[in-house]
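Inspection log for the structure reproduced underneath, given as structure tokens.
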Amino acid sequence: MRAQSSMERQLQGYRLTTAEILYHLPDHPAVLQSYVWQDLDIAPKFPVLNKFLGFWTREIEGRLHSVRVGATTLISPGEWRHVDGILHLH
């Protein structure tokens, strides 16, 4: 099975998702650090982001404080169409 292209995923409803993750520094728990994550994901359940956050809690020492999520569509099936020709103007 081949991997889907970004275009194919967007046509299936994936949205550009950005998450700002605030986490506690392992050596200084009172200090928060910010990390920005971005990928194509499906709203409102965000399975790709949830998989990443699961990895974070298992493998990374910085305890999560909060996650702020924003998502927007880049294209939709109605906005994209194939062009059969090219018009040249002088």
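Since every read-out is calculated from the coordinates, none of them should be taken as a lab result. The structure presented is a predicted model; accordingly, all values stated were derived computationally and were not measured. Please note: Cβ atoms are built from the backbone with ideal geometry, for glycine as well, and neighbour counts cover all protein chains shown.
Footprinting exposure proxy ranking of D84, D41, D27, fewest other C-beta atoms within 10 angstrom first, gives D84, D27, D41.
Taking Cα atoms only, the orientation of helix 47-59 departs from the longest principal axis of the chain by about 30 degrees.
Principal axis analysis of the Cα atoms in the stretch 6-72 yields extents of 44, 20, 17 Å, listed in decreasing size.
For R68, R2, what's the fewest-to-most ordering of other Cβ within 10 Å of each Cβ?
On the way: R68 11, R2 5.
Least to most surrounded, the residues fall as R2, R68.
Go ahead and collect, in residue order, the members of the stretch 20-34 whose backbone nitrogen is under 19 Å from a label point 7 Å along the Cα-Cβ direction of F52. Residues 20-25, 33-34 fall inside that zone. For the stretch 6-72, the residue among H24, T57, Q10 whose Cα projects farthest onto the positive side of the dipole built from Cβ charges is Q10. Taking amide H as placed 1.01 Å from N in the peptide plane, I42 has its amide H under 5 Å from the amide H of R15, V48, each at least 5 places away in sequence or on another chain.
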